[in-house]
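A.B. asks: I am attaching a structure below and will ask some questions about it afterwards.
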Amino acid sequence: MLMPVINATGVLLHTNLGRAPLAHHQDDGYLNLELDLATGKRGSRQAAVGEQVAAAVGAEAALIVNNCAAAVMLALAALAGDVGVAVSRSELVEIGGGFRVPDVMAQSGARLVEVGTTNRTRLADFQRAIDNDDVGLALHVHQSNYKIVGFTESVSIAEMATLGVPVLADIGSGLLDAACPWLDGPPPAWLADEPAVRQTLDAGADLVMFSGDKLMGGPQAGIIVGDAELVARCAKHPLARALRPGGLVLNSLQTTIGHYLRRDGDSIPFWRAATTSLPYLKRRAEAMAEAIPGAKAIDTEAVPGGGTLPTVSFPSAGIRVQGDHLDTLRNNDQPIVGRVEDGSTVLDLRTVDPDDDATIIATLTQ
Ligand SMILES: *Cc1c(COP(=O)(O)O)cnc(C)c1O
């Protein structure tokens, strides 16, 4: 049975726990999903939320589908049905759960033209493919869950934009804006190398595709933003109907995007957890350790997870209890998911809502 769980793993976007923590409420009843209230006529289920998403990243238009894999598949099917798509050999990625770029391309009907090498790809490699291989589209895929270091060379979006063919960027993680205007203060240092939607568009990408439930912190969704004419071609493709989201997802996404537009990152659970101050986490850990016999407050390291930011960790705090109690905690009335380190149970508080501290204390003092 699906039920709320307390995530004490310290993995902010935990794939097994639905990636981004979702805060959503919807009353019983109907929704004006496809009714234009101004005219009384049938409207597009995409229009309202799409406009808000586009506004949040400075794009002309946006289209929402079921997940990022669907967004990539749809964009390729709609725009690359009869031309080759050039992709750097360093970006033929596999994301968890079987999303493999070559396979998604094959399913979309697009013809993959690999360019460059695993570690080095240059603009001239793309140019050659366009000249010799009937390439009509260039695709950039973010190396979300791995890094290639050492003797490397890659082609930026700005360079790709000079090629004269549409440039599509699958950035996966869905950081909306590198400036993070929804946070108090400057962007966190751990975001330094992460591509952002607004800046990828500004650099010249014609379309950007990303997930709703990674760094965006919303529901599972895939989002295509960018050039209005290209977005419209995606929306008109028959696959768009098969991949469209339901009212629940659109309503939830509207809530999340509303927080961004109001610059209220604190109302987005992912950003609240990611930016919680270390002293506050330590105070909670110490209070917990005092209340639970045998528990000790410890320093921990939390991670973004969800196949994003593979080299980043956040200083965090939690408690350690002797022995492996994972089964008991997971089978609690309100399941608690932690981790075991060196034979002890570790609960990391960065991913725990402070309102759940009392539940953890009560469970571990039993
Ligand atoms: C995560 C990711 C995907 C898949 O996203 P889903 O929303 O899980 O379908 C695709 N591309 C990249 C680069 C990713 O990081």
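Here, each number is a calculation from the coordinates, and none is a lab measurement. Every value quoted in this text rests on a predicted model; they were computed, and no experiment measured them. Methodologically, a virtual Cβ is constructed for each residue, glycine included, from the backbone with ideal geometry; neighbour enumeration extends over all protein chains shown.
A.B. asks: Identify the trypsin sites (Lys or Arg not before Pro) of the range 33-140 meeting these criteria: DSSP loop state and at most 14 other C-beta atoms within 10 Å of the C-beta.
C.D. replies: Lys41
A.B. asks: Moving to a separate point now. Which ordering of Phe314, Phe210, Phe151 is given by a fewest-first count of other beta-carbon atoms within 10 Å? It would help to have the intermediate numbers written out before the result.
C.D. replies: Working: Phe314 21, Phe210 29, Phe151 7.
Least crowded to most crowded, the residues run Phe151, Phe314, Phe210.
A.B. asks: Evaluate the distance, in nm, between pseudo-label points positioned 7 Å from the Cα of Ala291 and of Ala242 along their respective Cα→Cβ axes.
C.D. replies: 5.1
A.B. asks: Taking the alpha-carbon set of the range 271-324, what are its Rg and Dmax in Å?
C.D. replies: Final numbers for Rg and Dmax: 12.7, 36 Å.
A.B. asks: State log₁₀ I(q)/I(0) for the range 24-267 at q = 0.10, 0.15 Å⁻¹ as given by the Debye formula over alpha-carbon point scatterers of equal weight, solvent excluded.
C.D. replies: Listed by q, the Debye log ratios stand at -0.47, -1.03.
A.B. asks: Once the other residues with Cβ under 12 Å from the Cβ of Pro102 are scored (Lys, Arg +1; Asp, Glu -1), what is the net sum?
C.D. replies: Residues near Pro102 contribute -1 overall.
A.B. asks: Taking the Cα centre of the chain as origin, work out the dipole magnitude from +1 charges on Lys and Arg Cβ and -1 charges on Asp and Glu Cβ, in debye rounded to 20.
C.D. replies: Dipole about the Cα centre, nearest 20: 300 debye.
A.B. asks: How high is the relative contact order of the range 24-267, in percent, with contacts defined as C-alpha pairs under 8 Å that are six or more residues apart?
C.D. replies: So the answer I get is 25 percent.
A.B. asks: Picking from Val104, Val352, Val149, which is most flexible by a Gaussian network model of the chain using Cα springs under 10 Å?
C.D. replies: Result for the chain, Cα springs under 10 Å: Val149 fluctuates most.
A.B. asks: If you add up the charges near Val312, with Lys and Arg at +1 and Asp and Glu at -1, over every other residue whose beta carbon is less than 12 angstrom from its beta carbon, what do you get?
C.D. replies: Its environment carries a net charge of -2.
A.B. asks: How charged is the neighbourhood of Asp125? Take every other residue with its Cβ under 13 Å from the Cβ of Asp125, and add Lys/Arg as +1 and Asp/Glu as -1.
C.D. replies: Once positives and negatives cancel, what remains is -2.
A.B. asks: Amide H to amide H under 5 Å from Leu35: which residues, 5+ apart in sequence or cross-chain, H placed 1.01 Å off N in plane?
C.D. replies: Gly43
A.B. asks: With the chain treated as a Gaussian network of Cα nodes joined by springs under 10 Å, which of Asp327, Asp213, Asp202 yields the largest mean-square fluctuation?
C.D. replies: Greatest mean-square fluctuation among the candidates belongs to Asp327.
A.B. asks: What does the helix-only formula give at 222 nm for the chain: each DSSP H stretch with n ≥ 4 adding -39500 (n - 2.57), the total divided by the residues, and the result rounded to the nearest 500 deg cm²/dmol? Working shown, then result.
C.D. replies: Numbers: 13 runs with 115 residues, N = 366.
Counting only the DSSP helices, I get -9000 deg cm²/dmol.
A.B. asks: Related question: Any idea how far apart Thr359 and Asp131 come out in nm if each label point goes 7 Å out from Cα toward Cβ?
C.D. replies: Taking the simple label geometry, Thr359 and Asp131 are separated by 6.2 nm.
A.B. asks: Continuing with this model, one more query. Could you work out the relative contact order of the range 190-259, using alpha carbon pairs under 8 angstrom and six or more residues apart, expressed as a whole percent? Could you put the intermediate results ahead of the total?
C.D. replies: Values: 53 pairs, mean separation 17.5, N = 70.
Once normalised by length, the contact order is 25 percent.
A.B. asks: Find which of Thr9, Ala291, Val53 sits farthest along the positive direction of the dipole of the chain, computed with +1 on the beta-carbon of Lys and Arg, -1 on that of Asp and Glu, about the Cα centre.
C.D. replies: Positive-end residue among those listed: Val53.
A.B. asks: Can you list the aspartates and glutamates whose alpha carbon is less than 20 Å from that of Lys282, not counting same-chain residues fewer than 8 positions off?
C.D. replies: Within the straight-line limit of under 20 Å, Lys282 reaches these aspartates and glutamates: Asp266, Glu290, Asp299, Glu301, Glu341, Asp348, Asp353, Asp355, Asp356, Asp357.
A.B. asks: Further question on the same structure: Pull up the cross-link candidates among the lysines for Lys236, meaning alpha carbon to alpha carbon under 28 Å and not fewer than 8 places away within one chain.
C.D. replies: Straight-line reach from Lys236, under 28 Å: Lys41, Lys214.
A.B. asks: Given labels modelled 7 Å from the Cα in the Cβ direction, how far is it in nm from Lys41 to Val340?
C.D. replies: In this crude spin-label approximation the distance works out to 6.3 nm.
A.B. asks: Take every DSSP beta bridge whose two residues both sit in the range 24-267, then give the antiparallel share in percent to the nearest 5.
C.D. replies: For the range 24-267, the DSSP antiparallel bridge percentage is about 40.
A.B. asks: How would His14, His25, His140 line up from fewest to most surrounding beta-carbon atoms within 10 angstrom?
C.D. replies: Taking fewest neighbouring Cβ atoms as first place, the list is His25, His14, His140.
A.B. asks: Something else about it: If I take every Cα pair under 8 Å that is 6 or more residues apart in the range 224-312, average their sequence separation and divide by the length, what percent do I get for the relative contact order?
C.D. replies: Values: 25 pairs, mean separation 8.7, N = 89.
Relative contact order here is 10 percent.
A.B. asks: Moving on. In the chain, which longest range has no GluC sites (Glu not before Pro) that are both DSSP loop (not H, G, I, E or B) and surrounded by at most 15 other Cβ atoms within 10 Å?
C.D. replies: Longest stretch, sites excluded: 61-366.
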